[in-house]
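One structure below.
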Amino acid sequence: MKPTCFDLNDTQHEPSDEQLRALMEAVVEEARRRAQTAHEQLMARLQAEIAALHPNQPSI
């Protein structure tokens, strides 16, 4: 069994398929987390800008 840690720049020892799969899953999770954070920040900013343009309207 190969170790779970590996160096992608190591040309002498290729990571196993399982290691690459785990790496890609971690990348996907991080991308989703960052996208969710960016979406939440964008929506908050948009709501604040809309509220500033229409101060007498109730917020959603």
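The values are calculated or read from the model by the stated rules, or taken from the named source; none is laboratory data. Fair warning: this is a prediction, and the values are worked out from it, not measured in the lab. Every residue, glycine as well, gets a Cβ built from its backbone with ideal geometry; the counts of neighbours run over all protein chains shown. The protein model used for the area step is the full one, side chains on, heavy atoms only, and it has no ligands, DNA or RNA in it. Shrake-Rupley method; radii C 1.70, N 1.55, O 1.52, S 1.80 Å.
Below are the figures for this structure:
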| read-out | value |
| --- | --- |
| The one condition in (1) part of a helix (DSSP H, G or I); (2) open to solvent by 100 Å² or more (accessible area, probe 1.4 Å) that Ala48 fails to fulfil | (2) |
| In region 1-40, the residues that are of a type in the set (Asp, Glu) and either in contact (Cβ under 8 Å) with a residue 12 or more places away in the chain or assigned to a helix (DSSP H, G or I) (or both) | Asp17, Glu18, Glu25, Glu29, Glu30, Glu40 |
| All positions within region 1-42 that are open to solvent by 100 Å² or more (accessible area, probe 1.4 Å), modelled with pLDDT under 90 and either of a type outside the set (D, E, K, R) or within 18 Å of the chain's Cα centre (by Cα) (or both) | Met1, Thr4, Cys5, Leu8, Asn9, Thr11, Gln12, His13 |
